[in-house]
1. I'd like the residue in the range 12-34 that is open to solvent by 70 Å² or more (accessible area, probe 1.4 Å) and at pLDDT 70 or above and, out of all such residues, is farthest from Ile81 (Cα to Cα).
2. What is the one condition in (1) modelled with pLDDT of 75 or more; (2) surrounded by 14 or more Cβ atoms within 10 Å (Cβ to Cβ); (3) among the aliphatic types (A, V, I, L, M); (4) closer than 26 Å to Gln35 by Cβ that Met103 does not satisfy?
3. Out of the range 75-90, which residues are surrounded by 16 or more Cβ atoms within 10 Å (Cβ to Cβ) and not in a loop (DSSP other than H, G, I, E, B)?
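The values are calculated or read from the model by the stated rules, or taken from the named source; none is laboratory data. Fair warning: this is a prediction, and the values are worked out from it, not measured in the lab. A quick note on method: Cβ atoms are made from the backbone with ideal geometry, for glycine too, and the neighbour counts reach across all protein chains shown. These area figures cover heavy atoms from the full protein model, side chains too; ligands, DNA and RNA do not enter into them. Shrake-Rupley method; radii C 1.70, N 1.55, O 1.52, S 1.80 Å.
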Amino acid sequence: YMPTYKISIAGDIRNDGEVGVFDLTSSCMKTIAEQLAYHKVVLVIKLHPMDELNKHEFTKKEIGNSVLIKSDGFGKVGFGIYDVLAASSCLVTDYSSVCFDYMSLSRPIGFVIDGSYKRGLVEAVINQKLPGVRIRNSEDFVGFVLNGEVADNCNIFNEYRDANNSKRLLTALKI
């Protein structure tokens, strides 16, 4: 689960949303983690570097058996965000741009839509364009992780799915 921030502590300090049903401090996330653990699925939660939740000390009571990676976490473990994405079987996010990176893997993407985000997005446009499942409650979240399918329109933002992008760029630049 890789949500974007709603309240920032770095960069442009601002409040772009309210605590939603999928906020990590909500009982909903603990329920999701417990249900996934029952099915022997590990929920990895990666906080956005600007998220105020990086300051919060989470307890097992809040996140169950989930693996939580805070913004400083990668430096401690020796791998990066793209290693986590490559090892994952699906992605659940909200309006984070990580979805565009993940689309090239042709794996299931679920989008949390809880109405708590207010950074100038037009939900109707988002729902028409972004490929993947819309997740509105804990049952949707767990069902998606256990049974997610790749969306048909996953290629909408990525024309090519090969290792030749650098070659195409150099050719276009006549280098």
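1. So the residue we want is Ser27.
2. Only one criterion in (1) modelled with pLDDT of 75 or more; (2) surrounded by 14 or more Cβ atoms within 10 Å (Cβ to Cβ); (3) among the aliphatic types (A, V, I, L, M); (4) closer than 26 Å to Gln35 by Cβ is unmet by Met103, namely (4).
3. Val84, Leu85
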